[in-house]
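Working notes, structure below.
All of the numbers you see were taken from the coordinates with simple rules; none came from a lab. Only a predicted model underlies this, so the values are computations on that prediction, with no experimental measurement involved. Here Cβ is always computed from backbone atoms with ideal geometry, including for glycine, and neighbour counts include all displayed protein chains.
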Amino acid sequence: MEALLTSTLLVAVAEIGDKTQLLSFVLAARLRRPWAIIAGILVATIANHALAGSVGAWLAHLAGPGVMRWVTGLLFVGFGLWALHPDALDEDPKIHRAGAFVTALVAFFLAEMGDKTQLATIALAARFDNLAAVVMGTTLGMMLANVPAVIIGEKLAAKLPMNIIRLVAAGLFALTGVLTLLGWPA
């Protein structure tokens, strides 16, 4: 349960203002098919985070618990610093002729590659010995942050205190890193 809750909270807060959330706003404004976009985001996130979580679990098995505690702890502190930097969407997503679902799926899967939430999924899977709970938690966190973005759109983004949210996300990542380095919970 700790893996699920930690993964959900970290990713939900970190995703606010992230480039994939910005992508959600853009897709919603351009495609105007919220349920197809949400379904595409869900499928892309499950695929991307299952892959990332598998890499994290494999690395944890390969390196052993002592090394992984230090690696994941330092990674979380690094994610905390990364969360302080506001994201921007690199380019305007292209509409795929297959429709909103395929456009959202492909755009979201690619946008998540190398993103802090994907890397956090790797670290969370390495930290917790429960791949399914981590993938479910990170996926739930992504959906908690992105479904409102798709449904409510850019009006929501203008009203959110993004600097405070970035600070909270940075603090949560750093706290998780410090607790991991201290070996808590044992």
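Ordering His49, His61 by the number of other Cβ atoms within 10 Å of each residue's own Cβ, fewest first, gives His61, His49.
When each of the peptides 33-42, 6-15 is scored by how many other beta carbons lie within 10 Å of its residues on average, the order from highest to lowest is 6-15, 33-42.
Our coupling estimate for the range 10-24, obtained by passing each phi through the Karplus curve with A = 6.51, B = -1.76, C = 1.60 and θ = phi - 60°, is 4, 6, 4, 6, 5, 6, 5, x, 6, 4, 6, 6, 4, 4, 4 Hz, Gly and Pro reported as x. Expressed as a whole number of Å, what is the distance separating the alpha-carbon centroids of the range 1-18 and the range 21-64? With the range 21-64 and the range 1-18 each reduced to a Cα centre, they are spaced 13 Å.
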